[in-house]
Amino acid sequence: MIIDAHAHADENDIWGWYDPPEKVISLMDEAGIDMAVITPYSDEPGPSPGLENLKRYLAQFPDRLIGFPRIDPKFGQKSIEIFEKTIKANPLMKGLKLHPISNLVKPFAPLCVELIRRAGELGVPVFIHCGDKIPALPLQITRAAGLCPDTTIICHMGGYFHAEEALRCARRQSNLVLDTSSTPYPMIVRQALELLGPNRVVFATDNPAGDPISELQKIRMLHLKPDVEERVLWKNIAELLHLEVGRN
């Protein structure tokens, strides 16, 4: 069993990005990945049909795809209501995606914190894009995690240039979980496991931006103990999302 904790599917005329679920699943199949958490490219509310696309994709492939709706916190209570309704209406919606660079809201801003806390109350994790630009740096996400201790927050390992900072931040904040995508260095993954333990690292590819075969090889080449590799490749994310799955 392998579960990708971070992938994308959307067909967006405004942005010109066309990554239908069939494309994502084809790449999953090539790598031997069983399931993936997907998010759209556009925020809700907004002019693009990202959320409706996500609902349609989950209905098409309920055994392969899990959804995290992507919400823009700027709309306050409306954003919370959309998110809450989405989670409660569809058992395949298992979390929240926030992208501070696209919505230009700091992760620790009051509107964002309120949304993150609501996710915790609903019992679902929050994935926050973590990369090389303000306002999505590891320190900014860590500040949000400190304000929302009852919510699990998943993020990249700091992008290409902030991986070590992400590790330091996650070590300080116990509700931060790191995904293995967006860093090209396998040894950073090993270091994360040594610092945080095997329960706070989840396998991810950022498919289709990231290549699933390469991302999986990044884990395999570490030659982890079987029980640790199992936790990274599927068990940790399955437990976070309350998935009833097991090893193949």
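For this structure, a couple of remarks:
- Given (1) modelled with pLDDT of 95 or more; (2) surrounded by 15 or more Cβ atoms within 10 Å (Cβ to Cβ); (3) more than 16 Å from the chain's Cα centre (by Cα); (4) among the acidic types (Asp, Glu), number of the condition Glu165 does not satisfy: (1)
- Residue, farthest from Arg117 (Cα to Cα), within the range 58-92, restricted to residues that are small (Gly, Ala, Ser) and part of a helix (DSSP H, G or I): Ala59
- Conditions (1) surrounded by fewer than 17 Cβ atoms within 10 Å (Cβ to Cβ); (2) within 18 Å of the chain's Cα centre (by Cα); (3) not small (Gly, Ala, Ser); number of the one not met by Glu230: (2)
- Selection of the range 60-74 for residues being more than 20 Å from Asn207 (Cβ to Cβ) and touching a Leu at 6+ places or on another chain (Cβ under 8 Å) yields Ile71, Pro73, Lys74.
- Of the residues Glu84, Glu52, Glu22, the single one that is within 26 Å of Thr152 (Cβ to Cβ) and surrounded by fewer than 19 Cβ atoms within 10 Å (Cβ to Cβ) is Glu84.
- Scanning the range 149-161 for residues that are more than 20 Å from Leu233 (Cα to Cα) and buried (at least 23 other Cβ atoms within 10 Å of the Cβ) yields a total of 1.
- For the range 112-138, the candidate set comprises residues that are modelled with pLDDT of 95 or more and of a type in the set (D, E, K, R); within that set, the residue that is surrounded by the fewest Cβ atoms within 10 Å (Cβ to Cβ) is Glu121.
- Of the residues making up the range 55-81, those that are of a type outside the set (A, V, I, L, M, F, W, C), farther than 26 Å from Ile25 by Cβ and surrounded by 15 or more Cβ atoms within 10 Å (Cβ to Cβ) are Asp72, Pro73, Lys74, Ser79.
- Inside the range 199-248, residues that are assigned to a helix (DSSP H, G or I) and either of a type in the set (D, E, K, R) or under 23 Å from Ile87 (Cα atoms) (or both) make up a count of 14.
- Each residue in the range 93-114 was checked for being in a helix (DSSP H, G or I) and either touching a residue at least 40 places away in the same chain (Cβ under 8 Å) or β-branched (Val, Ile, Thr) (or both), and 6 of them qualify.
- Test: residue in the range 185-198 that is modelled with pLDDT of 95 or more and assigned to a strand (DSSP E or B): no
- Cβ pairs under 6 Å, 6+ apart, first in the range 192-210 and touching a residue at least 24 places away in the same chain (Cβ under 8 Å) and closer than 19 Å to Glu165 by Cβ, second part of a helix (DSSP H, G or I) and of a type in the set (D, E, K, R): Leu195/Arg171
- Applying the criterion of being among the small types (Gly, Ala, Ser) and outside any strand (DSSP E or B) to the residues of the range 19-49, the residue that is nearest to Gly210 (Cα to Cα) is Ala31.
The values are calculated or read from the model by the stated rules, or taken from the named source; none is laboratory data. Predicted model only: the values in this text are computed from it and were never measured. Heads up, the Cβs are rebuilt from the backbone with ideal geometry, glycines too, and the neighbour counts pull from every protein chain shown.
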